[in-house]
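Take a look at the structure set out below.
We did not get these values from a lab; they are worked out from the coordinates using the rules stated. Computed from a prediction, not measured in an experiment: that's the story for all the values here. Ideal geometry is used to build each Cβ from the backbone, glycine not excepted, and the neighbour counts take in all protein chains shown.
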C-alpha cells in the first residue's frame with residue numbers, strides 16, 4: 001500500500017469538528033473527559049497522511065460505556081491493537097478512498113482512526129505531548145516532516161515500515177518533552193509491535209472482532225466490560 005502524505009489542509013480541522021459533534025451526540029448518556037484532535041492532521045505546517053486521529057478520553061469506569069456507545073453508533077471495535085489503555089474503532093460506512101472533496105470544498109469525507117483512551121495513560125500522553133511539542137517547536141516540526149518526506153520518497157510501501165521509520169524522531173521529541181526512559185520504552189514497544197501484528201493477523205481477526213470484543217472486552221486499565 002502506497003503511503004500518501006500531503007501538506008496541511010485547513011479542511012481537516014473543519015472535518016474534525018464535524019466528527020466531534022457527531023461523537024458528542026453518541027456520548028450524551030456517557031460521561032467523557034474530552035474529544036481530542038491528535039496526530040499530524042492537527043498540526044498546521046506539518047505533512048500528514050489525510051487520515052484523522054481522534055482520542056475520546058475517558059476514566060476507567062466509563063471505558064465500557066463509551067465503547068458500547070460507539071458500537072451502537074455503527075463503529076466497529078478493533079481492540080487495543082497492542083497499545084495498553086487505548087482502544088481502536090473503525091468508523092461507520094468507511095469508504096475505500098481516503099477522502100472525497102465536495103464541490104464547494106467545505107467538507108472533506110475522511111478516513112479516521114478513532115480511539116477511546118484512558119485519561120492519564122501513556123498512550124494519551126504520547127499523543128498530547130507529541131502534539132504540544134510539534135506545535136511549539138518549529139525546528140522539531142520541520143525535522144519530523146522531513147523524516148516523513150524521506151520515508152515516502154524512499155519508497156516505503158507499508159505502514160509497518162513507515163511507523164518504524166518514525167520511531168527515532170518521535171522518541172527524541174518525547175524525551176525533549178520530559179519523558180523518562182521507561183515510558184519511552186513502552187512507546188517503542190507499542191510502535192514496533194502493533195503494526196507488525198496487524199500485518200500478520202488483523203485481517204483474520206477483524207472478521208471476528210465483534211465476537212472477540214464481546215467475549216474478552218478491554219484488557220488494560222478498565223477491566224472486562226459486562227453485558
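Summary table below
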item: Extended-chain gain in nm, criterion 0.36 nm per residue less alpha-carbon gap, residue 168 and residue 189; result: 6.3 nm
item: Peptides 66-72, 164-170 ordered by average Cβ neighbours within 10 Å, highest first; result: 66-72, 164-170
item: Sequence of 40, 121 once ranked by neighbouring C-beta atoms within 10 Å, starting from the fewest; result: 121, 40
item: Likely footprinting exposure, 27, 89, fewest C-beta neighbours within 10 Å first; result: 27, 89
